[in-house]
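Written below as structure tokens is the structure these notes are about.
The values are calculated or read from the model by the stated rules, or taken from the named source; none is laboratory data. This structure is a prediction, so every number in the text was calculated from the model and none was measured. Here the Cβ is made from the backbone with ideal geometry for all residues, glycine too, and neighbour counts use every protein chain on show.
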Amino acid sequence: MWIRSTMTYRTSFVLTAVGNLAVTGLDFVTLVLMFAQVDTLGGWTLPEVAFLYGLSVTSFGLADLLIGSADTLGARLRDGSFDTLLVRPAPVLAQVAADRFALRRLGRITQGALVLGWALCAVHVEWTVAKVLLVPVMLVSGAAIFGAVFTAGAAFQFLAQDAAEVQNAFTYGGTTLLQYPPTVFGKDLVRGVTFVLPLAFVNWVPGAYVLGRPYPLGLPGWAAFAPPLVAAGCVALAGLAWRAGLRAYRSTGS
């Protein structure tokens, strides 16, 4: 329904998608401006940082397209309209994800994919079969990890009811964090996004293997191939959190 509604005004959709692409592209312009003054950032070259950027933005864009609408759940909880989702013969989480589905978010995915494509051509890597196959695995696993964060944030709103900005700190804030190499951050922060909220497995850890860089925190070599397992664990935990939040919901009484 929302896609049909969007495509009713196709010129508006195209302009909005292009605008979304341009606005999100300003983040990469910031990186380019940085490298106009320095040769490396934390020991990483521009193509290497662009590789991290492309992986982060594309993975996040996929998750944002599929379940990004979950950050509006708090408004439905407050005005009581969430109750209408409970009586429909469809999974509640699927309805939340489809609510006000924004096809314009394809602009972010396109922009991230373009940067990633340039980075893959510009970066100096001795490509092997394992490295080639790891790139799409990173994108899918990263999207699943970000999707799990969106879902967990939505579950938290059952308690807080007005926690969209808290959720955005871990979703939008997380993808911004991953656009930069781990060497520019303190070790405590890197430990947090590796062992507590494992966003590092979106691109930092597997990306280090592809680029031949040292792993963050000296992780073992097999950690580069762990993103699918990490993603599965995150999805499972987020699912449990969602079910717990849904069971705790008591409606507004109106």
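Below, the figures for the structure above:
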| quantity | calculated |
| --- | --- |
| Boolean, VAL125 is aliphatic (A, V, I, L, M), assigned to a loop (DSSP other than H, G, I, E, B) and modelled with pLDDT of 90 or more | yes |
| Residues within region 32-78 that are out of contact with any Ser or Thr (no Cβ under 6 Å at 6 or more places or on another chain), under 27 Å from LEU211 (Cα atoms) and either among the hydrophobic types (A, V, I, L, M, F, W, C) or not in a helix (DSSP H, G or I) (or both), tallied | 21 |
| Any hit, region 105-119, residues being over 14 Å from the mean Cα position of the chain (by Cα), part of a helix (DSSP H, G or I) and more than 25 Å from PHE51 (Cβ to Cβ) | no |
| Residue that is of a type in the set (S, T, N, Q) and under 15 Å from the mean Cα position of the chain (by Cα), where the choices are THR176, THR183 | THR176 |
| Test for LEU197: is it of a type outside the set (Gly, Ala, Ser) and either surrounded by fewer than 16 Cβ atoms within 10 Å (Cβ to Cβ) or at pLDDT 95 or above (or both) | yes |
| Odd one out for ALA70 among (1) out of contact with any helix residue (DSSP H, G or I) (no Cβ under 6 Å at 6 or more places or on another chain); (2) of a type in the set (Gly, Ala, Ser); (3) more than 28 Å from PRO216 (Cβ to Cβ) | (1) |
| Answer from VAL190, VAL137, VAL149 - the residue that is surrounded by fewer than 19 Cβ atoms within 10 Å (Cβ to Cβ), within 15 Å of the chain's Cα centre (by Cα) and assigned to a helix (DSSP H, G or I) | VAL137 |
| Sole exception among (1) farther than 30 Å from LEU246 by Cα; (2) more than 16 Å from the chain's Cα centre (by Cα) for PRO91, by number | (1) |
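Yes or no, residue by residue, for (1) under 16 Å from SER251 (Cα atoms); (2) over 13 Å from the mean Cα position of the chain (by Cα):
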| site | (1), (2) |
| --- | --- |
| GLY42 | no, yes |
| LEU52 | no, no |
| THR58 | no, no |
| ILE67 | no, no |
| LEU73 | yes, yes |
| PHE82 | yes, yes |
| LEU85 | yes, yes |
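Quick grid of which residues meet (1) of a type outside the set (D, E, K, R); (2) modelled with pLDDT of 90 or more; (3) out of contact with any Phe, Trp or Tyr (no Cβ under 9 Å at 6 or more places or on another chain):
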{"residue": "VAL14", "(1), (2), (3)": "yes, no, yes"}
{"residue": "LEU41", "(1), (2), (3)": "yes, yes, no"}
{"residue": "TYR53", "(1), (2), (3)": "yes, yes, no"}
{"residue": "PHE60", "(1), (2), (3)": "yes, yes, no"}
{"residue": "LEU77", "(1), (2), (3)": "yes, no, no"}
{"residue": "PRO89", "(1), (2), (3)": "yes, no, yes"}
{"residue": "LEU116", "(1), (2), (3)": "yes, yes, no"}
